[in-house]
Amino acid sequence: MQPRLVEHPAFNVVGLSTRTNNADEMAGKGRIGAIWERFNAENLRQKIPNQTEPGVVLALYTEYQEDGNAPYSFAVGVKVDNVADLPPGLTAYSVPATKYAVFTSGRGSIPGIVIDVWKGIWSSEIKRAYRSDFEVYDGRSSDRNNAQIDVWVSVK
């Protein structure tokens, strides 16, 4: 899996968030699944104002304590042009401009394709910056059984 390198400008994300770590996620004690379930069950995508890319959902990994093994913040949300009128219970994040390695998953079922693309990232030779990383769920992922996503990983 060969990524493409892209400079991305700064942007804002508003979403439902938690703090977690990869050890808990892999041991079945994680929080990511519950955040996704709540985001979808409460139809939060429709309740967030000022969206810049309607219909596109991001899974944001940010505020890394150190690297991928240490705690980080995780949010499911959308890009917004400003963070005014923040709905109760949601968090705003400012993602700085940086360089990303963009990995595109194969087509298949969620969450399998997500796990597979992350395995490819973890085994790659890229030099991660651990600033902010994000998964993009756009029109290609509307069918959970035949989906495709992009994962943007901040690099040095």
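What follows is calculated from the coordinates using simple rules that are stated; it is not laboratory data. These numbers were taken from a predicted model, which means no experiment stands behind them. All Cβ positions, glycine included, derive from the backbone under ideal geometry; neighbour counts span all protein chains shown.
Taking the simple approach of a point 7 Å from Cα along Cα-to-Cβ for both Arg19 and Ser123, what is their distance in nm?
3.3
Could you calculate the contour length gain from Arg107 to Gln51, that is, 0.36 nm times the residue separation minus the distance between their Cα atoms, to one decimal place in nm? Before the final figure, lay out the partial values.
Numbers: separation 56, 0.36 × 56 = 20.16 nm, distance 2.68 nm.
Gain in length upon complete extension: 17.5 nm.
Quote the Stokes-Einstein diffusion coefficient, in whole µm² s⁻¹, for the stretch 1-79, based on the Kirkwood radius over alpha carbon pairs, a temperature of 37 °C and a viscosity of 0.692 mPa s. Show your work: numbers first, answer last.
On the way: Rh = 13.9 Å.
Rounded, D is 236 µm²/s.
Taking loop as defined by DSSP and a crowding limit of 16 other beta carbons within 10 Å, which trypsin sites (Lys or Arg not before Pro) in the stretch 1-87 fit? Walk me through the numbers on the way to the answer.
Details: sites: Arg4, Arg19, Lys29, Arg31, Arg38, Arg45, Lys47, Lys79; in loops: Lys29, Arg31.
Counting only loop positions with at most 16 other Cβ atoms within 10 Å, the trypsin sites (Lys or Arg not before Pro) in the stretch 1-87 are Lys29, Arg31.
In the chain, once you exclude exposed GluC sites (Glu not before Pro) (DSSP loop, at most 15 other Cβ within 10 angstrom), what's the longest stretch remaining? Walk me through the numbers before you get to the answer.
Details: sites that count: Glu42, Glu66, Glu125.
Within the chain, the longest run free of exposed GluC sites (Glu not before Pro) spans 67-124.
Testing the spin-label approximation: label points 7 Å from Cα along Cα→Cβ at Asn43 and His8. State their distance in nm.
Distance between label points: 2.8 nm.
What per residue convex hull volume, in Å³, do the alpha-carbon atoms of the chain yield?
Once divided by residue count, the hull of the chain is 109 Å³.
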